[in-house]
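Participant: Take a look at this one; I'll ask things after.
The values are calculated or read from the model by the stated rules, or taken from the named source; none is laboratory data. Quick caveat, the model's predicted, so the values are computed rather than measured. As a convention, Cβ positions derive from the backbone with ideal geometry for all residues, glycine included, and neighbour counts pool all protein chains shown.
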Number of protein chains: 2
Amino acid sequence: MKQASYEAAGVAGQSDALSAVVRHLQPSFAHLEGAQVITRFGHPASAIKVSADLAIVVCTDGVGSKTMIASALDRYDTIGIDCVAMNVNDMICLGARPLAMVDYLGVNALDPRRTDELLRGLAEGAKQAGIAIPGGEVAQLPEIIGSNGSAPGDERAFDLVGACVGTVHPDRLILGHALRPGDALVGIGSSGIHSNGLTLARKVLLGTGGHRLSDKLPSLGRTLGEELLEPTEIYVGAVEALRSAAVEVRGMSHITGDGFANLARLEAEVGYAIEELPPAPPIFSLIQATGRINDAEMFRVFNMGVGFVVIVPQESVDPALRAIGSSGYRAWRIGRVTEEPGVRIEPLGLTGGLEDGDSRFLRRGSA
Amino acid sequence: MKQASYEAAGVAGQSDALSAVVRHLQPSFAHLEGAQVITRFGHPASAIKVSADLAIVVCTDGVGSKTMIASALDRYDTIGIDCVAMNVNDMICLGARPLAMVDYLGVNALDPRRTDELLRGLAEGAKQAGIAIPGGEVAQLPEIIGSNGSAPGDERAFDLVGACVGTVHPDRLILGHALRPGDALVGIGSSGIHSNGLTLARKVLLGTGGHRLSDKLPSLGRTLGEELLEPTEIYVGAVEALRSAAVEVRGMSHITGDGFANLARLEAEVGYAIEELPPAPPIFSLIQATGRINDAEMFRVFNMGVGFVVIVPQESVDPALRAIGSSGYRAWRIGRVTEEPGVRIEPLGLTGGLEDGDSRFLRRGSA
């Protein structure tokens, strides 16, 4: 059996786009007068300084092919949580406070029940994240979404994307500059596959493995569909708990597509060593075994149990773990900041990083 | 021949969603502490007051099925302008200054040339609007975009969505409260079909009419494809000119899907009478004649030559026309604010309005 890879599953070719992004869009920063873009491409969100004490932060992300699980199960009341999660988890990495999200729902066909369920999930996500959803957009695109433009379309197909705005004091923007070798990496648990790697997961489990979403798998304790649809964890509460506990946070990373390589997005001349791995949720070993996927690929595509990383001074590990733990999340000290550059997963002997630090547009995470 | 209608062309059924939007998402406004949503659903953008002198404004919109014209012509270097236009034109209606947009590009397949051209259009749009594009997202969704999940997909298919942030002083937010009967409606010219009604236009012209995009039509003076792909006008410069000229603006409306009925989104207990119609660009008479579409439907789906409306005190009409004209736009006094509610297009004897004032999510404009 051929080893499955993310590229083979249909998510590839994104690396060409970076230089084009920078070449075409960086000049747009100069259009602003009295305001200033203070982030570069590559961070999970962008900050625009509008006054001495305020920067507006903005980001956008979608839930990718996770919508196909929702459509297949005909259950739409949780994927809005994923949409909020993918956005607010990106935004809080910069130390920003998320305020509001607007959503874009592109559908093949509008259906009141589906829309109602989708809105219910968005509302629940907004509640968990403490944000408002003051507006949004629905576009009915019967020839584009769930359709190749000619053959009959898939009425249930949809794409769900959010864009989040928040604020941060410009002096408290966290981009990674404060990171020092020896700082500690604290990993916060994921709820499962989140909204990344669903294309590969579906290909492996439903294709190679011949499973159906309705299969109740002993290792999961529920159906495969329920497992894959489990909403993405929202980490706003964990980061707020650290702030309340006055724990100094020097860097944060939302572990989405590219896995721990996302750490390399931080602006610091350091490296990252993962020294201990918490046990990965069983869905990942199922995917790995079924697809005969090697560790490197698994850790590149999936969160493997750690959905968010907070980097704190070594002496703050215990207060950090206490604060995060008491806010209802599982957290572990998983590694340290190193002088040597790159990202190493030591228990597995893996070394990696981003091929290009400015890969914001190129995130493989969304599919 | 059956009369074509927007519903028949596949864009329908959105009216059910409104009560669900308000029911599910309005409670999210209460999540904010120290910040406040100061708009209601129904406006083209949403404002969040973060301090006594600053509100952050956010909106999202896509270019709808106009991407199908770009894909068919295999030309992608202008649709980014449409994406910027659809967003900034919404935002400026509230009196806000657009600062930045993030874009979401969902594709069937990534292709360096297509991406490069798309980015070039986004850059040009950013330049015209005076905004930065500091980040964005690309998602490769080969089973959702341009695909029904099974049959071979359309590699060129894509969806392009933007989300824009800007700022406004809370006291200078324009929602329509200052409108008074007798105020004058100033219409600003569109560049053609913009990003609305493409589904109907394609159905009529390519279906019923049997035209091809490569047909050079005498009434258009160019090919049908070139005409339909003409970028949406960006009205930022016109509104800035009014500000520079210190013209008091009491209300603004981006004439997208729903046409002049968009005026009814303004928060004022008034009505709107269109008294004079500027000549519509020839593409509209072509669509109307080919599809045997009545005036009511044409004015409900298309901008009919007026892409933006500014409402000023009667005595400010001349300064407004001068300011807008000298900034390079065509503008006309097209009507007045009335005591009688509703939207009337007097030269055609049409009466209308939005069925529901809170139809922000229900805009038919995106397809």
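Participant: Only residues in the stretch B:122-143 that are assigned to a helix (DSSP H, G or I) count as the first member; pair them with residues that are surrounded by fewer than 22 Cβ atoms within 10 Å (Cβ to Cβ), Cβ under 6 angstrom, at least 6 apart or cross-chain, and list the lot.
Facilitator: B:ALA129/B:VAL236
Participant: Let me ask something additional. Every residue in the stretch A:100-121 that is in a strand (DSSP E or B) and either within 18 Å of B:LYS66 (Cα to Cα) or more than 7 Å from every other protein chain (Cβ to nearest Cβ) (or both), please. Write out each step before concluding.
Facilitator: At the first step, the residues of the stretch A:100-121 found to be in a strand (DSSP E or B) are A:100-107.
Residues satisfying the conditions are A:MET101, A:ASP103, A:TYR104, A:LEU105, A:GLY106, A:VAL107.
Participant: Given (1) facing another protein chain (nearest Cβ under 7 Å); (2) touching a strand residue (DSSP E or B) at 6+ places or on another chain (Cβ under 6 Å), where does A:VAL88 come up short, assuming only one miss?
Facilitator: All conditions pass for A:VAL88, except number (1).
Participant: Determine the pairs where a residue that is on the phi > 0 side of the Ramachandran plot, located within the stretch B:62-80, has a partner that is in a loop (DSSP other than H, G, I, E, B) with Cβ atoms under 7 Å apart, the partner being 6 or more residues away or on another chain.
Facilitator: Close Cβ pairs satisfying both conditions: B:GLY64/A:LEU141; B:GLY64/B:SER195; B:GLY64/B:ALA367; B:ASP74/B:ARG156.
Participant: Consider B:ASP183 against the criteria (1) farther than 22 Å from A:VAL165 by Cα; (2) within 7 Å of chain A (Cβ to nearest Cβ); (3) acidic (Asp, Glu): it satisfies all of them except one. Which criterion is unmet?
Facilitator: Single failed check for B:ASP183: (2).
Participant: Looking only at the stretch A:243-272, count every residue that is under 20 Å from A:SER327 (Cα atoms) and surrounded by 23 or more Cβ atoms within 10 Å (Cβ to Cβ) and tell me the total.
Facilitator: Of the residues in the stretch A:243-272, 5 are under 20 Å from A:SER327 (Cα atoms) and surrounded by 23 or more Cβ atoms within 10 Å (Cβ to Cβ).
Participant: How many residues, within the stretch A:48-74, are more than 8 Å from every other protein chain (Cβ to nearest Cβ) and among the aliphatic types (A, V, I, L, M)?
Facilitator: Counting residues in the stretch A:48-74 that are more than 8 Å from every other protein chain (Cβ to nearest Cβ) and among the aliphatic types (A, V, I, L, M) gives 8.
Participant: Can you confirm whether the stretch B:165-176 contains a residue that is farther than 22 Å from B:GLY335 by Cβ, among the small types (Gly, Ala, Ser) and in contact with a strand residue (DSSP E or B) (Cβ under 6 Å, 6 or more places away or on another chain)? Give the steps one after another, and end with the answer.
Facilitator: If we filter the stretch B:165-176 for residues that are farther than 22 Å from B:GLY335 by Cβ, which is where we start, we get B:165-173.
Then drop every residue that is not among the small types (Gly, Ala, Ser), which leaves B:166.
From what's left, in contact with a strand residue (DSSP E or B) (Cβ under 6 Å, 6 or more places away or on another chain): B:166.
Yes, the stretch B:165-176 contains a residue that is farther than 22 Å from B:GLY335 by Cβ, among the small types (Gly, Ala, Ser) and in contact with a strand residue (DSSP E or B) (Cβ under 6 Å, 6 or more places away or on another chain).
Participant: With small (Gly, Ala, Ser) and touching an Asp or Glu at 6+ places or on another chain (Cβ under 8 Å) as the only criterion, which of B:GLY182, B:GLY197, B:GLY192, B:GLY166 stands out?
Facilitator: On the way: B:GLY182 fails: touching an Asp or Glu at 6+ places or on another chain (Cβ under 8 Å); B:GLY197 fails: touching an Asp or Glu at 6+ places or on another chain (Cβ under 8 Å); B:GLY166 fails: touching an Asp or Glu at 6+ places or on another chain (Cβ under 8 Å).
Within the list B:GLY182, B:GLY197, B:GLY192, B:GLY166, the selection yields B:GLY192.
Participant: Give the residues of the stretch B:335-353 that are without any contact (Cβ under 8 Å) to a residue 24 or more places away in the chain and of a type outside the set (Gly, Ala, Ser), sorted by residue number. Working first, answer last.
Facilitator: The initial filter retains those residues of the stretch B:335-353 that are without any contact (Cβ under 8 Å) to a residue 24 or more places away in the chain, namely B:349, B:351.
Hit for the stretch B:335-353 is B:THR351, nothing else.
Participant: Something else now. Is it the case, given these coordinates, that B:ASP82 is at the interface with chain A (Cβ under 7 Å from one of its Cβ atoms) and either buried (at least 22 other Cβ atoms within 10 Å of the Cβ) or part of a helix (DSSP H, G or I) (or both)? It would help to see each step written out before you state the result.
Facilitator: Details: at the interface with chain A (Cβ under 7 Å from one of its Cβ atoms): no; either buried (at least 22 other Cβ atoms within 10 Å of the Cβ) or part of a helix (DSSP H, G or I) (or both): yes.
No: the conditions fail for B:ASP82.
Participant: Could you identify the single residue in A:LEU99, A:LEU179, A:LEU119, A:LEU175 that is farther than 17 Å from B:ALA35 by Cα, out of contact with any His (no Cβ under 7 Å at 6 or more places or on another chain) and aliphatic (A, V, I, L, M)?
Facilitator: Working: A:LEU99 fails: farther than 17 Å from B:ALA35 by Cα; A:LEU119 fails: out of contact with any His (no Cβ under 7 Å at 6 or more places or on another chain); A:LEU175 fails: out of contact with any His (no Cβ under 7 Å at 6 or more places or on another chain).
It is A:LEU179.
Participant: Now for a different question. Give the residue that is nearest to A:ARG75 (Cα to Cα), with candidates limited to residues of the stretch A:122-140 that are more than 8 Å from chain B (Cβ to nearest Cβ) and surrounded by fewer than 23 Cβ atoms within 10 Å (Cβ to Cβ).
Facilitator: Selected residue: A:GLU124.
Participant: Any residue in the stretch A:198-209 that is in a loop (DSSP other than H, G, I, E, B), buried (at least 23 other Cβ atoms within 10 Å of the Cβ), not assigned by TED's automatic domain parsing to the domain that holds A:PRO44 and not β-branched (Val, Ile, Thr)? Spell out the reasoning first.
Facilitator: Our first condition is that a residue be in a loop (DSSP other than H, G, I, E, B); within the stretch A:198-209, this holds for A:209.
Add one more test, that the residue is buried (at least 23 other Cβ atoms within 10 Å of the Cβ), and what stays is none.
The answer is no; no qualifying residue exists.
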